[in-house]
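Report on the following structure.
The values are calculated or read from the model by the stated rules, or taken from the named source; none is laboratory data. All of these numbers come straight from a predicted model, not from anything done at the bench. Cβ sites come from the backbone with ideal geometry, for glycine too, and all protein chains shown count toward neighbours.
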């Protein structure tokens, strides 16, 4: 359990929750910026070295793993990636959970999902802005305050001397000169440094995340591609959270270092199993938080998950009602009482698991 004990400080869990919610905008656009700043040594496509935390728990603490699994089973709609959406008099549509990484275990659709995607006339993703990065950057530059400090504030001015040493050392180790990011908002920098080197290398080589791959395939097949949010919407959600929250998340993400590989590997394993309800129970129990963080977590989930879910359902309904739509969004938007599966049910749709 030494690895898990080492993780178990309050801000580390905060950074993990931040990581889990980082969406395709950050992974595509701002990791692209990281590539330009990265050292040439990182271009050698390093091998992924993450370990499955679930397998480690099975060996080191099976009782704790049992507790986590029991809690996950209580999560409403916590099992399954593909869901069928039906309403009387219309052709069915589909809801599918994605993971915004390039790992080939993630970017290959299972047979049932592939069949639903192939038959759909419309693909719906979180944002179509990511399909044209130049246009997205131009759009975001109209609201520079979402990405950069536009007043006298700098990132170093928000860090304690101890945290500044952590941040500077970690950035330099990644080939990012600290002086080049002093005006960058902390959530932007978090997006640059959260993923393992192997994932960054795949992205740098042009490997797409599943959402982008589906959009490319949909366009090639003559399907219509629609988005539910703009890049500015997503950044605004991040910006709505307290600045202190993001500073903690950035510092502790950097402190995790190579251990982030374990987090990503475990999330991929859970994703392959369709255990969307297992993410939070695992991290809450294997990485216990200190008292007093509940309010921050609640604010995070409200801004980045709950509020966005409600907006997604509202904007998706006209597309779903037309029938034959395939809606692909981050898998963490699916489970729970405020997840998309349950919200679509409350909106009057018959929603059933369709993975097999």
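Condition check: within 22 Å of the chain's Cα centre (by Cα) and at pLDDT 90 or above. Does residue 184 satisfy that?
Criteria met by residue 184.
Can you name the residue in the range 110-135 that is free of Cβ contacts under 8 Å to residues at least 40 places away in the same chain and under 23 Å from the mean Cα position of the chain (by Cα) and is also nearest to residue 91 (Cα to Cα) among such residues?
114
Search the range 218-232 for residues being without any contact (Cβ under 8 Å) to a residue 60 or more places away in the chain and outside any loop (DSSP other than H, G, I, E, B), and hand back the single one that is farthest from residue 187 (Cα to Cα).
The extreme case among them is 220.
Working carefully through the options 88, 92, find the one that is out of contact with any helix residue (DSSP H, G or I) (no Cβ under 6 Å at 6 or more places or on another chain) and exposed (fewer than 13 other Cβ atoms within 10 Å of the Cβ).
88
Tell me which residues, restricted to the range 165-183, are farther than 20 Å from residue 260 by Cα and touching a helix residue (DSSP H, G or I) at 6+ places or on another chain (Cβ under 8 Å).
177, 178, 180, 181, 182
If I ask for residues that are surrounded by 14 or more Cβ atoms within 10 Å (Cβ to Cβ) and farther than 22 Å from residue 118 by Cβ, which ones from the range 312-323 would you list?
312, 313, 315, 317
Go through (1) at pLDDT 95 or above; (2) touching a strand residue (DSSP E or B) at 6+ places or on another chain (Cβ under 9 Å) one by one and return the number of the condition residue 130 breaks.
All conditions pass for residue 130, except number (1).
Return yes when residue 206 is surrounded by fewer than 18 Cβ atoms within 10 Å (Cβ to Cβ), under 22 Å from residue 265 (Cα atoms) and free of Cβ contacts under 8 Å to residues at least 40 places away in the same chain and no when it is not.
Yes, satisfied.
Which numbered condition trips up residue 124, out of (1) crowded, with 21+ Cβ neighbours inside 10 Å; (2) within 14 Å of residue 330 (Cα to Cα); (3) at pLDDT below 95?
(3) is the only condition that residue 124 fails.
Residue by residue through the range 142-177, note down the ones that are within 15 Å of residue 254 (Cβ to Cβ) and free of Cβ contacts under 8 Å to residues at least 12 places away in the same chain.
160, 162, 164, 165, 168, 169, 172, 173
Go through (1) farther than 22 Å from residue 278 by Cβ; (2) surrounded by fewer than 19 Cβ atoms within 10 Å (Cβ to Cβ) one by one and return the number of the condition residue 326 breaks.
For residue 326, the exception is condition (2).
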